[in-house]
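The values are calculated or read from the model by the stated rules, or taken from the named source; none is laboratory data. Given the structure is predicted, the values throughout are model-derived calculations rather than measurements. Using ideal geometry, Cβ is built from the backbone for each residue, glycine included, and neighbour counts are taken over all protein chains shown. Quick note on the areas: whole protein, heavy atoms, side chains included, nothing else; ligands and nucleic acids left out. Shrake-Rupley method; radii C 1.70, N 1.55, O 1.52, S 1.80 Å.
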Amino acid sequence: MVKSATSEEETRTRARTRRAILDAAVQVLGDNPAAPLSQVARAAGVARSTLQRYFAERADLIEALRDYADELSNEACERARTTEGTAIEAFTRLVAEYFTLRKVIMLAFGSDDLAEDARDQDECSAADLALQALIVRGHEDGTIDPRITPLWAEQLLWSGLYAGWTYVTTARVPAYEALTLCLHSLVKAVERRPGRDD
């Protein structure tokens with residue numbers, strides 16, 4: 001019994017340490033992708049040898065960041081409460097939540113992968129499924145243009161987010177300003193406007 005409790009505590013401690021390393025990697029490598037891993041370890045509050053026990057090579061850490069980005073996307077989707085309110089309201093919340101993932105998504109997938117093939121097209125995450133359901137619900141509640149298919153909405157969402165994320169650096173504007181433009185553009189693109197869309 002004691003061994004089991006100790007084992008559970010070790011598992012929780014490992015999970016906390018792993019997440020601390022990943023969070024530190026997002027911050028450090030998100031600001032400077034060429035930063036040494038010793039800087040990531042320092043930011044995570046662990047020794048370099050500890051980081052290497054979790055991620056032996058830099059490539060292992062980057063691969064783990066891809067899974068972490070998916071995990072954070074699912075968490076953001078939950079916070080957006082995609083089944084509450086009208087579909088367009090939920091879509092607006094989802095865009096705002098996803099926008100906060102700028103560093104981890106850009107770091108994990110990079111501009112080329114994000115534009116071309118960030119995820120296997122046959123593989124749908126919980127967040128993907130929630131977005132698809134949201135779009136279908138929007139067709140039913142009349143708030144999302146029926147011409148916007150779930151797949152098109154997904155591609156539009158990620159390309160719009162990418163545009164907003166890169167706008168922060170290229171235009172040297174605060175993130176909230178890019179988010180405002182991103183929300184305006186994406187919501188306007190998918191929203192059903194009676195009289196004009198009929």
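General remarks:
- Of all residues in region 148-198, those satisfying the criterion of being over 17 Å from ALA127 (Cβ atoms), crowded, with 17+ Cβ neighbours inside 10 Å and of a type in the set (Gly, Ala, Ser) are GLY164, ALA178.
- Test: residue in region 117-140 that is more than 23 Å from GLU75 (Cβ to Cβ), at pLDDT 95 or above, open to solvent by 60 Å² or more (accessible area, probe 1.4 Å) and in contact with a helix residue (DSSP H, G or I) (Cβ under 9 Å, 6 or more places away or on another chain): yes
- Residue selected from region 48-102 under the condition open to solvent by less than 50 Å² (accessible area, probe 1.4 Å) and among the charged types (D, E, K, R), by the criterion nearest to LEU134 (Cα to Cα): GLU97
- Figure legend. Inter-residue proximity from region 165-176: first residues within 13 Å of MET106 (Cα to Cα), second residues part of a loop (DSSP other than H, G, I, E, B) and open to solvent by 50 Å² or more (accessible area, probe 1.4 Å), beta-carbon distance below 8 Å, spacing 6+ or different chains. Indicated pairs: VAL168/PRO174.
- Exactly one residue among GLU71, GLU78, GLU89 is within 9 Å of the chain's Cα centre (by Cα), in a helix (DSSP H, G or I) and either modelled with pLDDT of 90 or more or closer than 29 Å to ARG193 by Cα (or both), and that residue is GLU71.
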